[in-house]
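Let me begin by presenting the structure, written as structure tokens, before commenting on it.
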Amino acid sequence: MSPSHSPWSEPPLRVLITAEQIAARNAALGRQIAQDYAGEDLTVIGVLKGSFVFVADLTREIHRAQRELGQSGSSVTIEFLGLESYGDETMTSGVVKITADLTRPIEGRHVLVVEDIIDTGLTMAYLRNNLSTRHPASIKVCALLHKPARTIQPGPIDYLGFTIDDLFVIGYGLDYQQRYRNLPYIAALE
Ligand code: 5GP
């Protein structure tokens, strides 16, 4: 079928953060995380689906930084947690359902939760509470994006990629109706 027959009409996109900007920020975050967890084993928990690209790039930057810093002893394990929030397309309700749970206990582990975007903060507050009942040694949060204008439930973001305005963004893991996750940049849907 030719593209002109596609039932999907493409909404206009505006690139906000280029692939190069994301890569540079990931390298800096990876270095900071490697330094902070020097000598410790770390469990990275990616929140699905939106964080899958960020987790893949960030964890490889952590590895690169560990190698450069000569930290051969520190191991990184990677887990994913599937979350679905009840709400409409543009607003979470704060009521969250775990659709895919961790495959290993995190008791006694240093945990770094990796999120694509923190919007109202309700999802992260839920997640932090849920994970702390499993008695990890520590919990920190790394978010690629943060929209401070929309905060309802403030919480610490230990590592942050970029602060953005109150825009609906897609790409680099983030979707609109399950599309656009594979774009290499972050764009605003106009
Ligand atoms: P919060 O609970 O912080 O309001 O929402 C977090 C979740 O809402 C994110 O993990 C993401 O799935 C979704 N979300 C919030 N803002 C955006 C956005 O601008 N674009 C996309 N694609 N998802 C968003």
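FYI, it's all coordinate maths here, none of it is from the lab. Worth saying up front: this structure is predicted, and the values here are computed from it rather than measured. Please note: Cβ atoms are built from the backbone with ideal geometry, for glycine as well, and neighbour counts cover all protein chains shown.
Radius of gyration and Dmax for the range 67-188's Cα atoms, expressed in Å?
Radius of gyration, then largest Cα-Cα span, for the range 67-188: 15.4, 47 Å.
By Kyte-Doolittle mean hydropathy of at least 0.5 and Cα axial length of at least 27 Å, which whole DSSP H helices of the chain are selected? Can you show the working numbers first?
Numbers: long enough: none.
Result, helices passing both filters: zero.
Is any residue of the range 34-65 close enough, with backbone N under 13 Å, to a label point placed 7 angstrom from the Cα of Ala27 along the Cα-Cβ axis, and if so, which?
Within reach of a label on Ala27: 61-62, 64-65.
Whole-Å semi-axes of the range 147-188's equivalent ellipsoid, largest first, each the root of 5 times a Cα gyration tensor eigenvalue?
Values: eigenvalues 92, 29, 18 Å².
Equivalent ellipsoid semi-axes, largest first: 21, 12, 9 Å.
If you take the beta carbon distance between Glu68 and Val15 as r and set R0 to 25 Å, what does 1/(1 + (r/R0)^6) give as a FRET efficiency, to the nearest 0.05?
0.25
So, counting K/R as plus one and D/E as minus one, what does the shell of residues with Cβ under 15 Å around Ser72 add up to?
-1
May I ask what percent, to the nearest 5, of DSSP beta bridges between residues of the range 61-166 are antiparallel?
Antiparallel: roughly 35 percent of the beta bridges in the range 61-166.
Rounded, prolate or oblate: which fits the range 11-111 when a ≥ b ≥ c are the square roots of the eigenvalues of the alpha-carbon gyration tensor, with rounded for a/c under 1.5 and prolate only if a/b beats b/c?
oblate
What is the range 141-190's relative contact order, in percent, from Cα pairs under 8 angstrom and six or more apart in sequence?
Over the range 141-190, the number comes to 29 percent.
With springs only between Cα atoms under 10 Å apart, run a GNM on the chain and tell me which of Val47, Val55, Val95 wobbles the most.
Val95
What percent does the relative contact order of the chain come to when contacts are Cα pairs within less than 8 Å and at least six residues apart?
In percent, rounded to a whole number, it is 24.
Please give me the summed charge of the neighbours of Tyr126: other residues whose Cβ is under 15 Å from its Cβ, Lys and Arg +1, Asp and Glu -1. Walk me through the intermediate numbers first.
Working: positive: Lys97, Arg128, Arg134; negative: Glu84, Asp101, Glu115, Asp119.
Summing Lys/Arg as +1 and Asp/Glu as -1 gives -1.
Could you work out the relative contact order of the range 10-101, using alpha carbon pairs under 8 angstrom and six or more residues apart, expressed as a whole percent? Present the calculation step by step, with values, prior to reporting the outcome.
Numbers: 107 pairs, mean separation 26.1, N = 92.
Normalised by residue count, the contact order of the range 10-101 is 28 percent.
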